[in-house]
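What follows is a short report on a single structure.
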Amino acid sequence: AFVEPLRMPVAGPMPWRAMLVLADETSSKRAERMRADFLANASHELRTPLASLSGFIDTLRGPARDDEAARDRFLSIMREQTDRMRRLIDDLLSLSRVEMNEHLPPSGEADLGAIARDVVDSLRPMADARAITLELSLPDEPARITGDRDQVYEVVENLVENAIKYSPEGAVVAIEALDNCARDVAEHAPERLAPQSARLLLAGPPFDPRQRYGVLRVRDHGAGIDRRYLPRLSERFYRVDGQKSGPTAGTGLGLAIVKHIITRHRGGFSVESAPDTGSTFSVFLPKPAEGSKAASPAQPVA
Ligand code: ADP
């Protein structure tokens, strides 16, 4: 509403000043509301498992005191709830760390392929538990990108973890790293899209035809995501209806963390998905400027 008047012809300096103050107030109010929403959401998410825990404690001290089978069942639910709280707290801390550093451009260099390999190794037990095969495909050369290794690891870990969580047992998850891609290749997975599928760029740097990217794609054959939910995927605490409970229930913070890290790195983040067919998440990160290799020998490549 306050953009429109700026296009109107104005006679003197006063109306301009009045309008700028109005815009400023509006954006600071919006930031304040977002902070309040965030706190309300975070408290609510933490309260739910806490309420369940205290309910079970009361039951175990009262009605279920002498029922061994009920006790075992309740204790394992309590274990799940404490794990959930731990995941939430870890994700909240991670999000706040990422937000704090967002204005600082990353300075290091990393090999996207080596990161993908490390993530796959560390998540293999999680995949094995659900008989999911992780297929890894790497370029011949290291896919060097400008970035903070630990943060890029967190991005890849979040995407591969989601692919495992939202795939049926026995499915295949494909993880692919590519080197030296132009923007259009980086942004879109090459396979033909299924008819009902959609793609969306969730974050992307300004277009620069000279910039080359290292790319990481994670493709699953899981539940997929309806096109109307795609724009909300990277909102904090957003979870698609129908995936909010059960053993795969997440925190809804993973893709928000991914988006912040990718934005800080001036990279891009896109999703292609079709219900019942699966999803492909792609991230692309700028490659270091030509000739910077000799200047930065720091990145060990295993
Ligand atoms: P969560 O911790 O809930 O997984 P994320 O922020 O990582 O949170 O993801 C947000 C939501 O996006 C998830 O709750 C899920 O509904 C949906 N989602 C993410 N990745 C996938 C995927 N690979 N397949 C299907 N749905 C997904």
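Things to note:
- Which listed residue, of Leu200, Leu193, Leu230, is surrounded by 13 or more Cβ atoms within 10 Å (Cβ to Cβ) and modelled with pLDDT under 90: Leu193
- If only residues of segment 255-296 that are basic (Lys, Arg) and out of contact with any Ser or Thr (no Cβ under 6 Å at 6 or more places or on another chain) are counted, the one that is modelled with the lowest pLDDT is Lys293.
- Breaking point among (1) within 13 Å of the ligand (Cβ to nearest atom); (2) within 14 Å of Val155 (Cβ to Cβ); (3) touching an Asp or Glu at 6+ places or on another chain (Cβ under 7 Å); (4) assigned to a strand (DSSP E or B), for Gly214: (1)
- If the condition is being within 11 Å of the ligand (Cβ to nearest atom), in a loop (DSSP other than H, G, I, E, B) and open to solvent by less than 10 Å² (accessible area, probe 1.4 Å), then segment 252-274 contributes only Leu253.
- Tally of residues being within 15 Å of Gly267 (Cβ to Cβ) and touching a residue at least 60 places away in the same chain (Cβ under 8 Å) across segment 200-217: 12
- Where strands (runs of 3 or more DSSP E) fall entirely within segment 133-189, those with at least 3 residues that are touching a Ser or Thr at 6+ places or on another chain (Cβ under 9 Å) and either of a type outside the set (Val, Ile, Thr) or away from the ligand (no atom under 16 Å from the Cβ) (or both) are at 172-181.
- Residue count for segment 50-105, restricted to those that are open to solvent by 40 Å² or more (accessible area, probe 1.4 Å), under 30 Å from Thr146 (Cβ atoms), in a helix (DSSP H, G or I) and of a type in the set (A, V, I, L, M): 2
- All of Glu154, Glu141 fail the test of being charged (D, E, K, R) and closer than 22 Å to Gly254 by Cβ, apart from Glu154.
- Every test in (1) closer than 22 Å to Leu233 by Cβ; (2) surrounded by 20 or more Cβ atoms within 10 Å (Cβ to Cβ) is passed by Ala171 save one, and that test is (2).
The values are calculated or read from the model by the stated rules, or taken from the named source; none is laboratory data. Here the structure is a predicted model, which means the values were calculated and not measured. As a convention, Cβ positions derive from the backbone with ideal geometry for all residues, glycine included, and neighbour counts pool all protein chains shown. Just the protein is used for accessible areas: all its heavy atoms, side chains included, with ligands, DNA and RNA removed. Shrake-Rupley method; radii C 1.70, N 1.55, O 1.52, S 1.80 Å.
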